[in-house]
Every structure is written in structure tokens, then in C-alpha cells.
Amino acid sequence: MNARRLAHLLGNWRRHGSRHGAVDLAAGLRLLILDGRVPAGTALPPERELAAALDVSRTMIATAWERLKADGLVVSRRGAGSWTAIPAAGGGGEPEADQENIDLARAVPPAIAGIAAATEAAVPRLAAELCSHGYYEQGMPDLRARLADRYTARGLSTTPEQILVTNGAHIALAIALRLFTGPGDRVLIEQPTYPNAIDAIRGAHTIPVPVAMTEVGGWDFDGIEATLRQAAPRLAYLIVDFQNPTGARLDEAGRRALGAMFRRARTPVVVDETSVDLDFTDEPVAPFGAFGDVVLAAGSAGKSYWGGLRLGWVRAPAEIISRLTVARRGLDLGSPVFEQLVLSELLEHPREPLLDRRRMLVERRDALAGLLREHCPDWTFDVPGGGLSLWCRLPAPVSTRIAATALNFGVRVAPGSFFTPHGGLERYLRVPYTQPVDVLTEAVRRLAAAAASVAESRAPMAENGSIPVT
Ligand SMILES: Cc1ncc(COP(=O)(O)O)c(C=O)c1O
């Protein structure tokens, strides 16, 4: 990786007023390595070049690299240079003795209880499939029929021809990008949004155009309308059900208003429905597809049943599904038969296992909210009616520093900047409630310790968090 690129990724790595540049630089690179933005095995630029790109001394770079070597995150060989690594024990930093690392960076629950029974029930059905070729480009007919029924039951009449089974909701976005966009096109997104969607958009050589969510209620209708007019995006990607990370849900009037806007602008919308089943309110809102013309609803088995099934689907007008089915050929040729049979079994009894899952998540959500109120009383958040995480507002713009410091306390957590294409959102931290309550209890204890350590080392700032300049 060249020095300019690394300097760009490091961004605003230096703490305001800090005299410990090497410590800050090490923390910045540690975070990039552990969240995968600088993959393990990446060759680091020569110290001299990076020193010039960051406008610091070469000694500072060498000292920072020494710290990371002690953690096993950087290795060097004389004459061969330095490159990044993941330490064998994982996690990095210096967790307390015997301390297990806690992963709060992934907001995904474990498998649903009924998965083993569904797997057993799928085995006899597999035998009947073995004499076929096993390639179902659009998905197995029985599974598509069950998924279509689900939409019809949600108030959006759907036939199996309107369903494409995919290998997860994430690839559905990649397929839609193939179909609707070309290099340099713009794609409207919410800010904050799901980080892997930003990667998919960039990976398709398209440009994410963020519209900031509002602090109350969520969607900025005027901002979206202006962006449709001024940026003429070729595609939009929205998460209207328990948005990741804010937890906000767009109400029916909002769906109607946005649906009309996208229809007028003729902009196709990928609506990410991965969290739609994680609704604790039991007050369903009609699917977004009921309000727009070209709406591609991307669903997933991941959060409802199990991420390891790696199955998702798209619900769209039949003509769009045919074109998506052709477009997917450049990426893959179908989804695994056995997993489709398992999902089909799970969908036969859609309600009961999901009710258990919701009960469990409500208990964990409330426990996490209570723990944060007790141990991090100056963090604020809305308690969402569904989804998997709390979007916490911090008293100062220190999210990345808390996330970097938390690694030393044995917690991985995603700072606000991960959820934007251009950095920022330093006042926000996403804290998921997918882990058991005893793990959450320990995680919050460590997060509070990390936040306290950041607060202690913080240069004095004005009350409102701005940097006083004279
Ligand atoms: C908002 C959102 N969309 C998509 C995905 C990925 O879904 P899948 O595992 O079905 O590819 C996730 C996973 O966490 C997610 O949070």
C-alpha cells in the first residue's frame, strides 16, 4: 500500500492537542487492521514516504510500528520491509489476563432454535433432488412460492415469478448494481448506513451519495428529493425497517411519500429488508414495494434464522426479476440446494421460532439499555422497536478513539465513521444487543472503562465539543 493511500485511510488519526503522536498513529493503524480496511499481509510504505505523507518525523513512524510489533499487528524483516498481520491470539491490544475478546462489531444473532429440526426435515427432500442438475438460477420453485406467500401475507400480492433467491441480501445489492449502474454513476444512500453496502457500491465503481438521517424520525424527505434532482442517482439503497445502524423505521406515510418521489424521478430502489422480521412492536408496516414502481426488496435468512445459511432473496416486478436472473450469471449460478430446502422448511412455520427470537432480543435490548444508562450515563440513545443495536450518541466526538481504546480492553465495536462513505459521525457508536446478557454486562463494563480512559486523555474542549481557537 502506498503512503498516500495509507495516509488517506488513517484520516484524522491524531488526537487534538496530543503530544503522543506515535501512540495515536499506532491506535489508528491498529483499528484499520482489525476492521479489515488494511488487510493482514499488506506491505506498509517505507517509513520515509509515510513520514512525508503524514508530515511527521520518521522516528514517530518507527516508534508507532514498534508498538504494533509488540501486539503482533506489524512484522518486519530487515531488507524486506514491514507488513501488517493479525496476531495468533486474535483481537490485538493487551487484554487483561485470561480475558476473552468480546465482538460487538457484528450485529448478528446466533441460529434460531428450529434450525436443527428444519435441517433434519430437509434431508429426505434432498434425495429427490439428487437426480436433477441442481442449478436453480432463480431459486427452487417451492422456496420461491413460500417467500411469495410471505409478501402476500404482508399486504403485497406476490407470485413466485417475482422472487429471485440469492446467496444473501448483500449479493442482491451487487446484482442490482450490475443491472442498473455503470462506472461513475451515483447511488443514493442514507447516512449512516450499512458499511458493507458502501463497499458494494464502491466495488461496482459507482459513487455513494449520502443523505443524512435526521436526529428525530429518520428520513430527510427534502434532502432526498433535492439529491434525486441534483445528483440524478441511477439507483438508491435504503433500509426502511429498523435501519442499520439507527434502528429507525419509516412509517406508512413516509413510505408513500418516498415511493412517489422515486417513481417521479424514475430511480429504482433497493430496499434492504434484512431486519423486517425483528419487529418487537407487532405493528407491521406495509412493505415499501407497495408504494413504488421499481422497488427491489432484498430479504435475508441471516437475521431471521441464521447467517450461516447464506441465503437471501429479491422481490421485484417479474420483468426486473428476469433481468436480475440474467445479471447474476456474471457473479454466480444459483444458491445451494440443501440450504434452500432448509429455508423452505423454516418458512413452513414462520411465526413460532421468530416469536422466541424477538422475545430474546427484547430482553437483551432492555438489558443493554439499562447497563448503558448505569455505566455510561452521558451516552444517549433511542430504544428501537426492532433490529439489533443501539445507536449511541456520545457527549464528544470520540467514537473512533473509544473503538480503538476498547480493543485494549478486549472489545471490538464499530465507531460511527464506519457507517459513512466519507468518515465523520464521531459522536456515534453502534452497540448491538445480540449477545447474552452476561456478555453484554462485561462488554459494557469494558466499554465504560475505555470511554473513561479516552475522556481522561482528552484535551480540553468547549462544552459543545468544538475546538476553541484563539
Ligand atoms: C442492513 C444489512 N443488510 C445486509 C446484510 C447482509 O445480509 P446477508 O447476510 O443476507 O448477505 C446485513 C448483515 O448484517 C445487514 O445488516
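Selection of the range 30-52 for residues being open to solvent by less than 50 Å² (accessible area, probe 1.4 Å) and over 21 Å from the mean Cα position of the chain (by Cα) yields THR42, LEU44, PRO45, LEU50, ALA51. Of all residues in the range 129-153, those that are part of a loop (DSSP other than H, G, I, E, B) and within 16 Å of the ligand (Cβ to nearest atom) total 1. Having 3 or more residues that are touching a helix residue (DSSP H, G or I) at 6+ places or on another chain (Cβ under 8 Å) and within 14 Å of the ligand (Cβ to nearest atom) is the bar; report the helices (runs of 4 or more DSSP H) wholly within the range 154-268 that clear it. In the range 154-268, 169-180, 195-203 are the helices (runs of 4 or more DSSP H) which contain 3 or more residues that are touching a helix residue (DSSP H, G or I) at 6+ places or on another chain (Cβ under 8 Å) and within 14 Å of the ligand (Cβ to nearest atom).
A quick yes/no check of all residues on (1) within 18 Å of LEU309 (Cβ to Cβ); (2) touching a His at 6+ places or on another chain (Cβ under 7 Å); (3) open to solvent by less than 60 Å² (accessible area, probe 1.4 Å):
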| site | (1), (2), (3) |
| --- | --- |
| TYR136 | yes, no, yes |
| SER157 | no, no, no |
| GLN162 | no, no, yes |
| ASN167 | yes, no, yes |
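LEU278 falls short on exactly one of the conditions (1) within 13 Å of the ligand (Cβ to nearest atom); (2) out of contact with any helix residue (DSSP H, G or I) (no Cβ under 7 Å at 6 or more places or on another chain); (3) within 28 Å of CYS392 (Cβ to Cβ), and that condition is (2).
Looking only at the range 53-68, how many residues end up being at negative phi and open to solvent by 20 Å² or more (accessible area, probe 1.4 Å)? Final tally of qualifying residues: 11. Within the set GLY218, GLY259, the sole residue that is free of Cβ contacts under 8 Å to residues at least 40 places away in the same chain, under 25 Å from GLY302 (Cα atoms) and not hydrophobic (A, V, I, L, M, F, W, C) turns out to be GLY218.
For the range 101-125, a residue qualifies if it is under 15 Å from LEU347 (Cα atoms) and either among the aromatic types (Phe, Trp, Tyr) or outside any helix (DSSP H, G or I) (or both), and the qualifying residues are ALA111, ILE112, ALA113, GLY114. Here ARG106 meets the list (1) modelled with pLDDT of 95 or more; (2) within 16 Å of the ligand (Cβ to nearest atom) almost entirely, failing just condition (1).
Number of residues in the range 33-54 that are at pLDDT 80 or above and touching a helix residue (DSSP H, G or I) at 6+ places or on another chain (Cβ under 9 Å) equals 12. Going by the conditions given, is ALA298 more than 10 Å from the ligand (Cβ to nearest atom) and touching a residue at least 24 places away in the same chain (Cβ under 8 Å)? So ALA298 does not fit the description; no. State the number of residues belonging to the range 365-401 that are touching a strand residue (DSSP E or B) at 6+ places or on another chain (Cβ under 6 Å) and β-branched (Val, Ile, Thr). Adding up the residues that qualify gives 2. What tally of residues in the range 320-359 results from selecting those that are open to solvent by 30 Å² or more (accessible area, probe 1.4 Å), among the aliphatic types (A, V, I, L, M) and touching a residue at least 24 places away in the same chain (Cβ under 8 Å)? Matching residues across the range 320-359 total 2.
The set of residues in the range 235-253 being buried (at least 19 other Cβ atoms within 10 Å of the Cβ) and more than 24 Å from GLY307 (Cα to Cα) consists of LEU235, ALA236, LEU250.
Of all residues in the range 264-300, those that are among the charged types (D, E, K, R) and closer than 17 Å to VAL165 by Cα total 2. Select from the range 259-273 the residues that are open to solvent by less than 20 Å² (accessible area, probe 1.4 Å) and in contact with a Gly (Cβ under 8 Å, 6 or more places away or on another chain) and write down the one among them that is nearest to LEU188 (Cα to Cα). Per the criteria, the residue is VAL269.
Taking the range 307-319 as the range and being more than 10 Å from the ligand (Cβ to nearest atom) and in contact (Cβ under 8 Å) with a residue 60 or more places away in the chain as the test, the residues that pass are VAL314, ARG315, ALA316, PRO317, ALA318.
The values are calculated or read from the model by the stated rules, or taken from the named source; none is laboratory data. Since the structure is predicted, the reported quantities are computational estimates derived from the model, not experimental observations. Note that each Cβ is placed from the backbone with ideal geometry, even for glycine, and that neighbours are counted across all protein chains shown. Protein only, heavy atoms only, side chains kept; ligands, DNA and RNA dropped before computing areas. Shrake-Rupley method; radii C 1.70, N 1.55, O 1.52, S 1.80 Å.
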